[in-house]
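Q: Once you've had a glance at the structure underneath, I'll fire off some questions.
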Amino acid sequence: MDTANLKLPDHYINRELSALEFNRRVMQQAADSNVPLLERLKFLCIVSTNLDEFFEIRVSGLKQRAEAGSVPTGPDMLTPQRLIREIAQITRDIVTQQYRLLNEELIPAMSREGIRFIRRDDWTDVQREWLKRYFEEQVEPTLSPISLDPARPFPRILNKSLNFIVGLEGIHAFGRPCARAIVQAPRSLPRLIRLPQHLAGPDKNDFVFLSSVIHAFVDALFVGMEITGCYQFRVTRNSDLYVDEEEMENLMRALEGQLAANRYGAAVRLEVAFRCPDELTGYLLDVFELDENDMYQVEGPVNLDRLMTVYSECERYDLKYPPFTSGAQNCLRNNPDIFSLLRKQDVLLHHPFESFGTVLELVKAAAQDPAVVAIKMTLYRTIPDSRIVDYLVEGASAGKEVTVLVELRARFDEATNISLANRLQEAGAHVVYGIVGFKTHCKLTLIVRREQGKLTRYVHLGTGNYHPETTRMYTDYGLLTTNQEISDDVHQVFLQLTSMMQTPPLNRLLQAPFQLHENLLAMIDREAASARAGGNGHIVAKLNALVEPEIIRALYKASSAGVLVDLIVRGICCLRPGVPGISDNIRVRSIVGRFLEHSRIYYFYANGDEEVFCSSADWMDRNVFRRVEIAFPILDSESKARLIGDLDLYLSDNTNAWHLLPDGSYRRLSPRAGERPLSAHDSLLQKLAENRQVA
């Protein structure tokens, strides 16, 4: 096969268009009547938050490239201008489906279950009177309506905030005509107002949108004027943080300044009420320097993500997934001393099916154990009131050497991480902020304990963050071990992260941005060589995203050599399967279900001596070249067999699985005739229940 053919643009799916296809799959969860009703609403909200971030980061970057006249740089060779047009067309279709699904299916279905959104036209007199008082006491005092005239320019509009453009007729108090005004809804106001029990229906779950309340009583803000229309709108702005790391003196201060500025970045999208007249939409487009391609007219609230409030406030467990409690392995239940257990064996954790509490208990034990002399950790994402941070503070206050690498540039968590870094420093911990030009994305904990006059290292390595909330929704793996080669490697990685000096070659870990990429290529090539020699080559990779061109070309070569390549890619996949002579042996599937698939696993047949790695790294340019990442091997035979079994389960899923087709679209799988339905998530929950019964 001519290697040059592998670089043809037609062999690659565009990254942005693949991301939108992922949102179509999430949308199908919202449309699936087999999914519990409130979970369907939740999936609908997730699509909105995904699109927000997509426009804030990806579309804003494309617009900057288009304005600069950039030429195509990706392997698909699509121009920024063409991509912006295609994104608008696809997104408009997704948004239309969203609001049709909300208005025609979800709202009526919720109403039948006693969860109602009461429209203005349907308010009873008693409800209207209560809402009028609510407006006067809770809403109106927070509002600052701004009439627009030559002395009053258009106000600054906060990114993704709820606003109203009001059409006016008449003469204001100072004797001049006024045609337009802006009302900004403060973020402190709830977007959904729950009616009190005496005003609600029999099931006590009646809600009114804040936008409806403001619309109903907006005339109270413009006494003496005639209201010709009131229409909600929302603008999405460029939120991609940029700091010149080569020029700045203090990363934390630079980020703090950029965070404030980004609330008013360049506008990239306008969402506006469906019935807003052309004269007002045109005015808004001019103000925000956008064109009609950037406008999305919606039949409903412009901020659908705020409907997540309904999911959390409605205690209708019959309309949600059945609850479960994460379990603990028998070895952990039978060994209260986690240090003694880890001296005997490795422990592989699979969240959320197995409790993240094990990791919390390990860090707590380290903070409180007098024999522990040092704790080191990388923190990429966590929560503001993190128990992990509590334990690190406790350890530092007790005089232990606590070193924490806090990645200040974790997107959308920058402010939280700055606050946590300050707290850790105040407690006496050593805090470092990463490396110029490279995000520290790996998830590592190293505990050094004095035992019988010697120092023993205990290690946790994970595919996901030290974030107790996401560990209940994301699937991730974590390894607890005292393996000397692995713990020595982790020690060297921490020395490198703090000193930024070169370290000896690692024994077992694969680290980006150094040898991870070249090792992945070598392992893929090894499978290809084995297949060409008549052996059985097999690669399985479970990832969030597959983008990096060299890895894709290596997989194409392996496929052409006869290697079976199974890819489980949740989100973006730029590899195009099913291309004759190039990717005939590559199958790509995406699992979209109850949990967000977040773990990264690499499997190589290796001539029968199977190798399995877990990692924090997707196969993307940024992960292998611009981040500090770790891939760690699963050496324990029982844990390795378990991981391979989990991969087989994901490859057998015929309920929540989607196959990627050669044209870049996805087809949802369903059980064939005589085939039993199989959901990987349900099967893993069933295993959890069985293990609990055995215990």
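Q: Which condition from (1) assigned to a helix (DSSP H, G or I); (2) buried (at least 16 other Cβ atoms within 10 Å of the Cβ); (3) touching a residue at least 60 places away in the same chain (Cβ under 8 Å) is the one that Lys364 breaks?
A: That leaves (3) as the condition not met.
Q: Please go through (1) modelled with pLDDT of 95 or more; (2) within 19 Å of Glu137 (Cα to Cα) for Glu271 and return the number of the only condition it doesn't satisfy.
A: Result: Glu271 fails condition (2) only.
Q: Do we find that Asn519 is in a loop (DSSP other than H, G, I, E, B), over 24 Å from the mean Cα position of the chain (by Cα) and either modelled with pLDDT of 95 or more or assigned by TED's automatic domain parsing to the domain that holds Leu596 (or both) in this structure? Break it down stepwise before answering.
A: Details: in a loop (DSSP other than H, G, I, E, B): no; over 24 Å from the mean Cα position of the chain (by Cα): yes; either modelled with pLDDT of 95 or more or assigned by TED's automatic domain parsing to the domain that holds Leu596 (or both): yes.
So Asn519 fails the test.
Q: Moving to a separate point now. Which number in (1) under 27 Å from the mean Cα position of the chain (by Cα); (2) surrounded by fewer than 15 Cβ atoms within 10 Å (Cβ to Cβ); (3) modelled with pLDDT under 95 marks the one condition that Thr96 misses?
A: The number of the failed condition is (3).
Q: Wholly within segment 415-473, which strands (runs of 3 or more DSSP E) include no fewer than the required count, namely at least 2 residues that are over 21 Å from Ser326 (Cα atoms) and hydroxyl-bearing (Ser, Thr, Tyr)?
A: Once the strands (runs of 3 or more DSSP E) in segment 415-473 are filtered for at least 2 residues that are over 21 Å from Ser326 (Cα atoms) and hydroxyl-bearing (Ser, Thr, Tyr), what remains is 454-462.
Q: Which residue pairs have Cβ atoms under 9 Å apart, sit 6 or more places apart or on different chains, and have a first residue in segment 643-669 that is touching a residue at least 12 places away in the same chain (Cβ under 8 Å) and a second that is assigned to a strand (DSSP E or B) and surrounded by fewer than 15 Cβ atoms within 10 Å (Cβ to Cβ)?
A: Within 9 Å, the pairs are Trp658/Arg667; His659/Arg667; Leu660/Arg667; Leu661/Arg667.
Q: I'm told His491 meets every condition in (1) part of a helix (DSSP H, G or I); (2) over 25 Å from Gln368 (Cβ atoms) except one. Can you identify the failing condition by its number?
A: His491 satisfies all of (1) part of a helix (DSSP H, G or I); (2) over 25 Å from Gln368 (Cβ atoms) except (2).
Q: While we're here: With respect to the numbered conditions (1) acidic (Asp, Glu); (2) surrounded by 13 or more Cβ atoms within 10 Å (Cβ to Cβ); (3) within 27 Å of Thr49 (Cα to Cα), which one is the sole condition not fulfilled by Asp318?
A: Checking Asp318 against (1) acidic (Asp, Glu); (2) surrounded by 13 or more Cβ atoms within 10 Å (Cβ to Cβ); (3) within 27 Å of Thr49 (Cα to Cα), the one that fails is (2).
Q: Return the pairs, sorted by first residue and then second, in which the second residue is in a loop (DSSP other than H, G, I, E, B) and basic (Lys, Arg), the first residue lies in segment 450-467 and is crowded, with 18+ Cβ neighbours inside 10 Å, the beta carbons are less than 7 Å apart, and the residues are 6+ apart or on different chains.
A: Asn465/Arg381; His467/Arg381
Q: For the subset of segment 108-161 comprising residues that are hydroxyl-bearing (Ser, Thr, Tyr) and assigned to a loop (DSSP other than H, G, I, E, B), which member is nearest to Gly201 (Cα to Cα)?
A: Restricting to residues being hydroxyl-bearing (Ser, Thr, Tyr) and assigned to a loop (DSSP other than H, G, I, E, B), the top hit is Thr124.
Q: Any chance you could count how many residues in segment 140-151 are under 27 Å from Ser239 (Cβ atoms) and exposed (fewer than 15 other Cβ atoms within 10 Å of the Cβ)?
A: Within segment 140-151, residues that are under 27 Å from Ser239 (Cβ atoms) and exposed (fewer than 15 other Cβ atoms within 10 Å of the Cβ) number 2.
Q: Take His681 and decide whether it is surrounded by 15 or more Cβ atoms within 10 Å (Cβ to Cβ), modelled with pLDDT of 95 or more, part of a helix (DSSP H, G or I) and within 23 Å of the chain's Cα centre (by Cα).
A: yes
Q: Quickly run through segment 226-258 and pick out the residues that are modelled with pLDDT under 50 and within 26 Å of Ile87 (Cβ to Cβ).
A: Within segment 226-258, just Gln258 meets the criteria.
Q: Determine, yes or no, whether Asp566 is under 24 Å from Ala19 (Cα atoms) and out of contact with any Gly (no Cβ under 9 Å at 6 or more places or on another chain).
A: yes
Q: Of the residues Ser583, Ser616, only one is surrounded by 22 or more Cβ atoms within 10 Å (Cβ to Cβ), more than 30 Å from Phe324 (Cβ to Cβ) and of a type in the set (Ser, Thr, Tyr); which? Show your work before the answer.
A: On the way: Ser616 fails: more than 30 Å from Phe324 (Cβ to Cβ).
Result: Ser583 is the single residue among Ser583, Ser616 that is surrounded by 22 or more Cβ atoms within 10 Å (Cβ to Cβ), more than 30 Å from Phe324 (Cβ to Cβ) and of a type in the set (Ser, Thr, Tyr).
Q: OK, next. Looking at (1) among the hydrophobic types (A, V, I, L, M, F, W, C); (2) within 23 Å of Gln329 (Cβ to Cβ); (3) in contact with a helix residue (DSSP H, G or I) (Cβ under 8 Å, 6 or more places away or on another chain); (4) at pLDDT 95 or above, find the lone condition where Trp658 falls short.
A: Checking Trp658 against (1) among the hydrophobic types (A, V, I, L, M, F, W, C); (2) within 23 Å of Gln329 (Cβ to Cβ); (3) in contact with a helix residue (DSSP H, G or I) (Cβ under 8 Å, 6 or more places away or on another chain); (4) at pLDDT 95 or above, the one that fails is (2).
Q: Right, Arg120: touching a residue at least 60 places away in the same chain (Cβ under 8 Å), closer than 25 Å to His215 by Cβ and surrounded by fewer than 19 Cβ atoms within 10 Å (Cβ to Cβ) or not?
A: yes
Q: Going by the conditions given, is Arg668 outside the structural domain of Arg15 (by TED's automatic domain parsing), among the basic types (Lys, Arg) and exposed (fewer than 11 other Cβ atoms within 10 Å of the Cβ)?
A: Considered against the rule, which asks whether it is outside the structural domain of Arg15 (by TED's automatic domain parsing), among the basic types (Lys, Arg) and exposed (fewer than 11 other Cβ atoms within 10 Å of the Cβ), Arg668 comes out as no.
Q: Among the listed residues Leu596, Leu635, identify the single one that is surrounded by fewer than 22 Cβ atoms within 10 Å (Cβ to Cβ), under 21 Å from Leu516 (Cα atoms) and aliphatic (A, V, I, L, M).
A: Of the residues listed, the single one that is surrounded by fewer than 22 Cβ atoms within 10 Å (Cβ to Cβ), under 21 Å from Leu516 (Cα atoms) and aliphatic (A, V, I, L, M) is Leu635.
Q: Looking for something outside the structural domain of Val588 (by TED's automatic domain parsing), buried (at least 21 other Cβ atoms within 10 Å of the Cβ) and among the aliphatic types (A, V, I, L, M) - is there at least one such residue anywhere in segment 65-79?
A: The answer is no; no qualifying residue exists.
Q: For segment 331-356, name all the residues that are acidic (Asp, Glu) and either in a loop (DSSP other than H, G, I, E, B) or at positive phi (or both).
A: Result: Asp337, Asp346.
Q: Restricting to segment 626-658, count the residues that are within 27 Å of Arg508 (Cα to Cα) and under 21 Å from the mean Cα position of the chain (by Cα).
A: 7
Q: Further, regarding this structure: Would you check which residues across segment 468-485 are under 20 Å from Thr358 (Cα atoms), modelled with pLDDT of 90 or more and either of a type in the set (A, V, I, L, M) or exposed (fewer than 14 other Cβ atoms within 10 Å of the Cβ) (or both) and list them?
A: Met473, Leu479, Leu480
Q: Do the conditions hold for Thr503, that is, is it assigned to a loop (DSSP other than H, G, I, E, B) and at pLDDT below 95? It would help to see each step written out before you state the result.
A: Numbers: assigned to a loop (DSSP other than H, G, I, E, B): yes; at pLDDT below 95: yes.
Judged against the criteria, Thr503 is a match.
Q: Only one of these is of a type in the set (D, E, K, R), within 34 Å of the chain's Cα centre (by Cα) and closer than 30 Å to Val59 by Cα: Arg194, Arg237. Name it.
A: Arg237
Q: Further, regarding this structure: Residues that are of a type in the set (A, V, I, L, M, F, W, C) and within 21 Å of Met473 (Cβ to Cβ): which helices (runs of 4 or more DSSP H) entirely in segment 3-107 hold 2 or more of them?
A: It comes to 15-31, 37-53.
For (1) over 19 Å from Ala273 (Cβ atoms); (2) outside the structural domain of Ile57 (by TED's automatic domain parsing); (3) small (Gly, Ala, Ser), each residue gets a yes or a no:
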site	(1), (2), (3)
Leu106	yes, no, no
Arg116	yes, no, no
Val166	no, no, no
Ala179	no, no, yes
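The values are calculated or read from the model by the stated rules, or taken from the named source; none is laboratory data. All figures in this text were calculated on a predicted structure; none of them were measured in a lab. Every residue, glycine as well, gets a Cβ built from its backbone with ideal geometry; the counts of neighbours run over all protein chains shown.
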